[in-house]
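Okay, structure first, notes after.
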Amino acid sequence: MSGFDFNNTIYQTPVTASFVDDSAMNGNSGSGLGNVLAIIAESKNLPPFTPVKFSSYREALAYPLDPSETVLLKALEKAFAPSAEAAVSGPDYVWVVNPRSDSQASLVLKDVGGIDAVNVHANLYGSNGQKIYLAIATGTLQGTVSRTVTIKNSNIVGANNTVTASNIISDVFTISYAGSATVATVQTVLLDDVPHLQVTVGTQQTDLSFAVYSSVGGLLEALNQIDGVTAVVKNAILLTKATDRLDAVTTAASLTASGGVTVRSLLDAVITAINTLSPWLSASRTTAAVLVKEPVVFASKALTYTTSVLPTFDQWQMAFDALKNVPCHWLTCLSDEDNVHQMLSAHVNYMSDVAFQERRGIVGIPSGSANDDALAKAEALNNPRVSLVHQGFYDLNSDNLMAMYPPMVLAALLAGMMCGVTAGTPLTNKTVAVSDMASRLRNPEDTDVLLPGGVLCCWRDYQGNVRVLQSVSTSQNADNFNQHEMSTGVASDYVARALREAVAPLLGAKNTPYLPAQLKAVVASRLKQLAIPEPLGEGVIVGDNTSPAWRGLTVTQALDSNRISVQVSPVIPNNYIGISIYDVPYTGTSA
């Protein structure tokens, strides 16, 4: 088989592919989908290279993100509420990916013999982990050995920041001896690097390997085969417990003592308590925890955190790659570095053209950049799927004081706006929920140069409202609506996704002579829906009786493939309104 030759690409894996020809979109010649935002941003507390989903700004605050991360917090706040206009909402949810390989605060617990027995680490990444405290105290139960575990999370204010498990016990079984021998002892020993329970009765020594007797039930059967020895489980449920989870009997203990010898698994019980008491900590045995006993008692200790370093180029790339397997339509990065912006540009191109998951992005360059700098950076990107902003803005911070936020935060806000409007709706003239712009552009002196040059601009009008002037991409082809107007490109993406999803159930169907007609009917039905104006329909493609929204639908069948071709008219924005007023002098006569 030679594969499927479509749009200059040979596909070997069965696929529903699409191609948009926008050559006829030249202006001189004639939220179901798209509501998910991804932000790649450094964070002290998010796991590295792992998309974390936030459905609201409140949810992000509860995570908790570090309060010092004002840029990320403001970006999330503005992405979810980018405009005061009723027709503009925000994304359904936001993915945040941390490109910084941060560590988790940790603590090593010793057993009563001084051996490093338990590794404890915070489930939070970064510095907030060191605000979690752990304490282990002696239990108050009589006749046994017990522990009380307390965990406090100082990241949380109030009574809910402390959890306690009191009087943890884990007596597994007792072993005793009633016979004529004057000496009967039990001890846990290490033979050939394998723990054994060694029972000595008189001159007879029995070594029971934990590798052979891997469960408590099997070990007890073997113990009860020794003359005069009786082993009794405390609870039948414990018969299946692994013997390597037992606390060691590190010194020979007499089996003739009153009540015999109790073998416990208190270290394992404390580990379980740490893991289940709260979502804040995780605990596991160390590699050295072989012949260990119950954990040592200690007062409250904070976990230790090692400061991380800034992300490398490869780590930024790993963060972008982490988004390949999650649904996402708009993307931004809280970085003003050119190489990171180029990564974003390459990512949206790959996901759109190769993976058929159309994506678009907005980036922000350094604060204080001159107009010429912005134009040069837009020209360097020159991507119809990427917009660029160079203005920061003023807004109230968490202390209710006015603060300036860099252009990268405005990029997150505008990406949230694009998620919050229906496909094909431009941001032109939409208000932006900020107090003021950090740099006020001259309209039209500055904007007449910036907009055609691929710089997305916001402007404070004479009534004090901050508005988007035009939602343009960095494409240097200002005459092509699909490439220059982000909203038209989004409409085109929407049509491509909608048609692929419509015919996807027929991928793998029998390629009969009737299949082309079925494909044609499915596509025609979906196109009719796309052409119905809002609010009754989606209004993504437009037309009338003379110039229909779509035309020329054909399906060509050959071997194991079907090629669908159709011409559509994605909606374009109304960017200009001209009003002609003809003044004439008043003339009249007196009655």
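Exposure proxy ranking for Tyr213, Tyr462, Tyr394, based on other Cβ atoms within 10 angstrom of each Cβ and starting from the fewest, stands as Tyr462, Tyr394, Tyr213. Scoring 557-567, 175-185 by mean Cβ neighbours within 10 Å over their residues and listing the highest first yields 175-185, 557-567. Ordering His390, His347 by the number of other Cβ atoms within 10 Å of each residue's own Cβ, fewest first, gives His347, His390. Think of region 421-529 as a dipole: +1 on every Lys or Arg Cβ, -1 on every Asp or Glu Cβ, centred on the Cα centre; then among Gln476, Ala433, Gly508, Gly508 lies furthest on the positive end. The helix-only estimate of mean residue ellipticity at 222 nm for the chain, built from DSSP H runs of length n ≥ 4 each weighted as -39500 (n - 2.57), is -6500 deg cm²/dmol after division by the residue total.
Farthest towards the positive end of the charge dipole of region 171-264, among the residues Gly259, Gly217, Ala242, is the Cα of Gly259, using unit charges on the Cβ of Lys, Arg, Asp and Glu. Here the Kirkwood formula puts the hydrodynamic radius of the chain at 29.2 Å, using every distinct Cα pair.
P(r) tail, region 171-264: Cα-Cα pairs separated by more than 20 Å, 27% of all pairs. Each residue in Lys152, Lys510 was given a count of other beta-carbon atoms within 10 angstrom of its own, and listing them fewest first yields Lys510, Lys152. Magnitude of the charge dipole for the chain, about its Cα centre and with charges confined to Cβ atoms of Lys, Arg (+1) and Asp, Glu (-1), is about 1220 debye. Put +1 on the Cβ of every Lys and Arg and -1 on every Asp and Glu Cβ in region 171-264; which of Ile226, Thr185, Val172 then has its Cα farthest towards the positive end of the dipole? In region 171-264, that residue is Val172. Between region 390-469 and region 199-225, how many Å separate their Cα centres? Between the Cα centres of region 390-469 and region 199-225 lies a distance of 76 Å.
A short reminder: the numbers here are calculations on the coordinates, not readings from a lab. Quick caveat: nothing in here was measured; it's all calculated off a predicted structure. Note that each Cβ is placed from the backbone with ideal geometry, even for glycine, and that neighbours are counted across all protein chains shown.
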